Amino acid sequence: FAYVGVVNHPFYAVSDASGAFKLAKLPAGAYTIEAYHRKGGKQTKEVNVDATGEVNVAFEFEVK
């Protein structure tokens with residue numbers, strides 16, 4: 001099976017084997033980050049990106 005996500009902006013990512021992901025060239029500002037796991041559901045987190053562009057966000061899913 002496959003998932004398709006359609007967004008109206010160029011900022012998206014797919015996690016690597018360890019679960020890490022990067023959103024390149026994200027402008028500074030406040031954002032809502034959404035993560036989805038097919039057995040764990042969807043989670044969102046609010047983040048503030050400063051001029052350095054470095055933000056660490058962790059999602060933990062309980063697989064059902």
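The values are calculated or read from the model by the stated rules, or taken from the named source; none is laboratory data. Source: prediction; values computed, not measured. We place every Cβ from the backbone using ideal geometry, glycine too, and count neighbours over all the protein chains shown. Note: accessible area is taken over every heavy atom of the protein model, side chains too, but ligands, DNA and RNA are not part of it. Shrake-Rupley method; radii C 1.70, N 1.55, O 1.52, S 1.80 Å.
Which of Ala28, Ala13, Ala51 moves most in a GNM of the chain, Cα contacts under 10 Å?
Largest GNM mean-square fluctuation: Ala51.
Kirkwood hydrodynamic radius for the chain: how many Å is it when counted over pairs of different Cα atoms?
Details: mean 1/r = 0.0755 Å⁻¹.
That comes to 13.3 Å for the chain.
Between Leu23 and Ala51, how high is the FRET efficiency from 1/(1 + (r/R0)^6) when r is the Cβ-Cβ distance and R₀ = 22 Å? Nearest 0.05. Don't skip to the end; give the middle numbers.
Working: r = 15 Å, r/R0 = 0.70.
Calculated transfer efficiency: 0.90.
Give me the number: length gained by fully extending Thr32 to Val63, i.e. 0.36 nm times residue separation minus the C-alpha to C-alpha distance, one decimal in nm.
8.9 nm
Write down the accessible area per residue of the chain in Å², having rolled a 1.4 Å probe over the full set of protein chains. Don't skip to the answer; put the middle values down first.
On the way: 5710 Å² over 64 residues.
Normalised by residue count, the accessible surface of the chain is 89 Å².
If I stretch the segment between Ser15 and Lys42 completely, what's the gain in nm (0.36 nm per residue apart, minus their alpha carbon distance), one decimal? Present the calculation step by step, with values, prior to reporting the outcome.
Values: separation 27, 0.36 × 27 = 9.72 nm, distance 1.44 nm.
Difference between extended and current length: 8.3 nm.
Any lysines with Cα under 22 Å of the Lys42 Cα? List them, leaving off those in the same chain fewer than 8 positions away.
Counting by Cα, and skipping residues close in sequence, Lys42 has these lysines nearby: Lys22, Lys64.
Taking Cα pairs under 8 Å and at least six residues apart, what relative contact order does the chain come out at, in percent? List each step's numbers first, then the result.
Values: 63 pairs, mean separation 15.8, N = 64.
Averaging sequence separation for qualifying contacts and normalising by length gives 25 percent for the chain.
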